[in-house]
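Working notes for the structure below.
Where a number appears in this text, it was derived from the coordinates with a stated rule and is not lab data. Values in this document were obtained by computation on a predicted structure and should not be read as measured data. As a convention, Cβ positions derive from the backbone with ideal geometry for all residues, glycine included, and neighbour counts pool all protein chains shown.
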Amino acid sequence: MSTRRFLRFPDGFIWGTATSAYQIEGAWNEDGKGPSIWDTFCHEHPEKIYKGQNGDIAADHYHRWQEDVGIMAELGLKAYRFSISWPRVLPEGTGQVNPKGLDFYDRLVDALLERGIEPVVTLYHWDLPQTLQDKGGWPWRDIVHAFAEYARVVAGRLGDRVTWWITHNEPFVMALLGYFFGDFAPGIQDFPAAIRAAFHLLLSHGYAIQAIRSTTSRPVKIGITLNLSPVHPASDSEADRLAAQRMDGVLNRMFLDPIFFGRFPEDMKALMGPLVPEISPEDAQVLTTPMDFLGVNYYSRAVARHDPTFPVMELAQVHPEGSEYSQMWEIYPPGIYELLMRVWKDYSPQLILVTENGIPVPDGVDFDGRVRDERRIRYLRDHIAQVHRAITDGAPIQGYFVWSLLDNFEWAHGYQMRFGLVYVDYDTQKRIIKDSGRWYAQVIRENGVWVEG
Ligand code: IFM
């Protein structure tokens, strides 16, 4: 006989969803917005994106934001994490502010607050103003000051109402996929540049915290969001164990150590030699500017196999037989528990928010207009249960955000991947709340999940 248990979350737990500007807004050249590196990348390199698609229109959120806020209210969201498009606010990256760009986010914040939904603002989710890429992009040191200026401008306008701020989303992806693999904008393939980009992203995070704090007078909570994964060796062999350690270094510790300890990991310095930037005492202070929370994005674990053809970074990911997979990754719910406990024990962040978790499923609309996305419900339930386990074991987790509110532009995968709790028909821009959206609304109402057994 199967029994059901209810896992109740602490009072005040923040249930939210997340999106990012380029993935949903569209309106790529409206109301004074400048081009971003993603506009350029998609337009100039359609061969790098599924079916040559782009974010020119995306989910048309720039025009449909009121309807979208209505949907959020219907779901009962406690919080909504979205990103600001830097070139919408500062079309040249620095200098002249575009008032219409700021107005858009201003109205959005007001509408959210009117519905009792807490805005969680991400300053940077990969859409760098093209003008700044033309000056050198993230590998160029002075960009850190441009980012601080941008943070000041946004905080100057929204800081009287926004409590939660995230400086960067997934600097690993920006640095490595953008400047080393070249699969993402700006499409550069230069490993030393990628490492410099990573360093400057983290440094600019510290400067941005200082900029926000000096601009806002009310109490704010500022953090950064990292994409992290536990890394498991593919076998018991010593070679695979060491490979997993190296992959953990590149994926996790290269981003965690600088902001918590003001240094790059010793084993990474030994591995990459002079490619790893020297951190001066002044830079170490900026990097470790105190923050209020760590944002963790979790989708899957990584499994590493030693491969001598990768001399610097261990990239030989394997996909274990017998596991369950989504369109993009292995489904591995215990990984989020392992990760949250590890981050808490090794780095002691004051607070943790799970700022993204979700699954791409090839959803379709059934005969009666419903989207029955059972697999997404199962994925979310199993991961939320593991988050509950981490809270029970003491980890200071205060919120959980589903990626994503809406189906949207999944970067190089285009519109092929659907992550939303809300289905978007891209021909008509009609929105349909999926079964997972209705299920999540119940989780929020009850402040917990039902699990079997
Ligand atoms: O869509 C992305 C998002 O932009 C950043 N985190 C991972 C998501 C799914 O791939």
Practice problem: Might you check whether a residue that is in a helix (DSSP H, G or I) and farther than 21 Å from Asp60 by Cα occurs anywhere in the range 427-437? | Solution: yes
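With the structure loaded, tell me whether Lys48 is surrounded by fewer than 24 Cβ atoms within 10 Å (Cβ to Cβ) and either of a type in the set (S, T, N, Q) or within 23 Å of the chain's Cα centre (by Cα) (or both) or whether it fails that test. Please lay out each step first, then the result.
Details: surrounded by fewer than 24 Cβ atoms within 10 Å (Cβ to Cβ): yes; either of a type in the set (S, T, N, Q) or within 23 Å of the chain's Cα centre (by Cα) (or both): yes.
Here the answer is yes, as Lys48 does meet what is asked.
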Quiz item: Among the listed residues Asp134, Asp127, which satisfies the condition of being within 16 Å of the ligand (Cβ to nearest atom) and farther than 18 Å from Arg157 by Cβ?
Solution: Asp127
Exercise. Kindly establish whether Leu339 is within 16 Å of the ligand (Cβ to nearest atom), within 23 Å of Ser235 (Cα to Cα) and under 18 Å from the mean Cα position of the chain (by Cα).
Key: yes
Self-check item: Matching residues in the range 387-414 - criterion: being more than 12 Å from the ligand (Cβ to nearest atom) and in a helix (DSSP H, G or I)
Solution: Val387, His388, Arg389, Ala390, Ile391, Thr392
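Which of the following residues is farther than 30 Å from Asp183 by Cα and not acidic (Asp, Glu): Val371, Val424?
On the way: Val424 fails: farther than 30 Å from Asp183 by Cα.
So the residue among Val371, Val424 that is farther than 30 Å from Asp183 by Cα and not acidic (Asp, Glu) is Val371.
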Exercise. Would you check if there is a residue in the range 399-415 being closer than 24 Å to Arg4 by Cβ, in contact with an Asp or Glu (Cβ under 9 Å, 6 or more places away or on another chain) and crowded, with 20+ Cβ neighbours inside 10 Å?
Key: yes
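In the range 119-237, which helices (runs of 4 or more DSSP H) lie fully inside it and hold 3 or more residues that are within 19 Å of Lys48 (Cβ to Cβ)? Can you show your working first?
On the way: elements: 130-134, 143-158, 191-215.
Those helices (runs of 4 or more DSSP H) span 191-215.
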